[in-house]
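Down below is the structure, laid out as structure tokens.
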Amino acid sequence: MNKKIIDEMKDRVYKANLQLPEWGLVKLTWGNVSEINRELGVIVIKPSGVSYEKMKKDDMVVTDLEGAPLESDGLNPSSDLATHVYLYKHFPDIKSVVHTHSQNAVAWAQSGRDLPVYGTTHADTFYGSVPNTRVLTEEEVETAYELNTGVVIVETFNNNEIDPLSIPGVLVNGHGPFTWGETTQKAIENSYVLDECCEMALKTELNQKDEKNILPQYVLDKHYFRKHGADAYYGQGS
């Protein structure tokens, strides 16, 4: 293993995990961030059940691309590792995965509904409704719960022909949100935005009558593509 690259990955993953409670997305130990380096063949992820107050950079766990630990003296990886591994295998352009139990996104996940595009805050990050998966079957839960969580996420995206880079997040039915990104920082930002959009949507529905005021497609297009793609013009550029 390239120790310098691994150390840099551990530092990013450690700092990203610490941002989750700072941003109000995690309580106790209910969350994890990972990063993949496909060329090196490694994944770095938060250890299982370690409090954020006591966690150190060197506690981050290094595994191969199948999730097998590569450091004999390391801690146990997050129990959600199998979900992360499955997402990395099937979404080849993502480089980081985040899972939280943030209140607003969990509330929406527990509803079993997709998250509609009610406004431009949503449209800036997610090019369409954020999908809610089906419920896992009893057999899926009993045989390989974390792996099958990844399976239903990928199944949802494949069945609905959703590009995971255009909609970098999902609501797992009865469970909570997963997000991802092309960098670790972007992946945790997507978690933050998803939770904010869920809160806004909940409040929107409290203020609506029977008819849902969905954002027009042309406004969605404008807001998404001014930040994403070849003709993006938001920000200062490179």
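The values are calculated or read from the model by the stated rules, or taken from the named source; none is laboratory data. Computed from a predicted model, the values in this text were never measured in an experiment. Please note: Cβ atoms are built from the backbone with ideal geometry, for glycine as well, and neighbour counts cover all protein chains shown.
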When both residues are 6+ apart or on different chains and their Cβ atoms are under 6 Å apart, which pairs have a first residue that lies in the stretch 199-222 and is of a type in the set (D, E, K, R), and a second that is surrounded by 13 or more Cβ atoms within 10 Å (Cβ to Cβ)?
Glu199/Asn104
Take Asn190 and tell me if it is of a type outside the set (Lys, Arg), surrounded by 20 or more Cβ atoms within 10 Å (Cβ to Cβ) and without any contact (Cβ under 8 Å) to a residue 60 or more places away in the chain.
no
Which pairs turn up if I take residues in the stretch 60-84 that are closer than 24 Å to Ile153 by Cα and touching a residue at least 40 places away in the same chain (Cβ under 8 Å) and look for partners that are of a type in the set (Ser, Thr, Tyr) and assigned to a loop (DSSP other than H, G, I, E, B) with beta carbon separation below 7 Å, at least 6 apart in sequence or on another chain?
Ser78/Ser48; Ser79/Ser48
Quickly run through the stretch 206-222 and pick out the residues that are outside any loop (DSSP other than H, G, I, E, B), surrounded by 12 or more Cβ atoms within 10 Å (Cβ to Cβ) and modelled with pLDDT of 85 or more.
Val219, Leu220
